[in-house]
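These notes concern the structure reproduced below.
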Amino acid sequence: MTQGQTLPALWLLSDRRNDAGLNDALARLPRGSGFVYRHYHLADSARRQRFGELAALARQRDHLVILSDTAEQAEQWLADGIYGPADRLGQPGGPLRLATAHSGDELQAAIEARADGVFLSPVFPTASHPGAPVLGAMGFHMLAQQSTIPVIALGGMDARRAEELGWPRWGAIDGLS
């Protein structure tokens, strides 16, 4: 991402659940979307190999490729950025830094860490965290409107819910797979 460029509006996140369909999902995303590679379930060598395969596909469509790991690992794997809790993002000035937040305190930590953006979740019930409390549309908007950094809605999102939420940026695992 260059100076002054905005974050993509649409983000696909990887997971064990959507691995089999990721190749097709990456091809269907609008050109220039974002892709967050997580794949925590794989051993290191298999995780690195799958990252390489998916990153190549994503880059063919000009998607940003973000790694859920350390900033050092993101640089070694030639990812465009890092995804994770604010305290794991490292210092500004390196790869793109996208924080995760599930509360007002975590959102504030992302702002204080000068993250480039934040995934705020879960907006709606999600298969990733069954039974977990959700922000709901009102709670999401209340927090997101306080943010001084770009906010990406996550958690139970799909095209219909994104339209209902009326938020410009959103991401999904199942909702885009």
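Quick note: the coordinates plus some simple rules give every number you see, no bench work behind them. Note that the structure is predicted; figures quoted are calculated from it, not measured.
What the table shows:
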| quantity | calculated |
| --- | --- |
| Amide proton proximity set for W11, modelled H, under 5 Å, gap of 5+ | G34, W170, G171, A172 |
| The chain: calculated mean residue ellipticity at 222 nm from DSSP helix runs of at least 4, using -39500 (n - 2.57) | -9000 deg cm²/dmol |
| Karplus-derived 3J(HN,Hα), 6.51/-1.76/1.60, for each residue of segment 90-98, Hz, glycine and proline x | x, 8, x, x, x, x, 3, 10, 10 |
| Within a Gaussian network of the chain (alpha carbon springs, distance under 10 Å), most fluctuating of G166, G156, G131 | G131 |
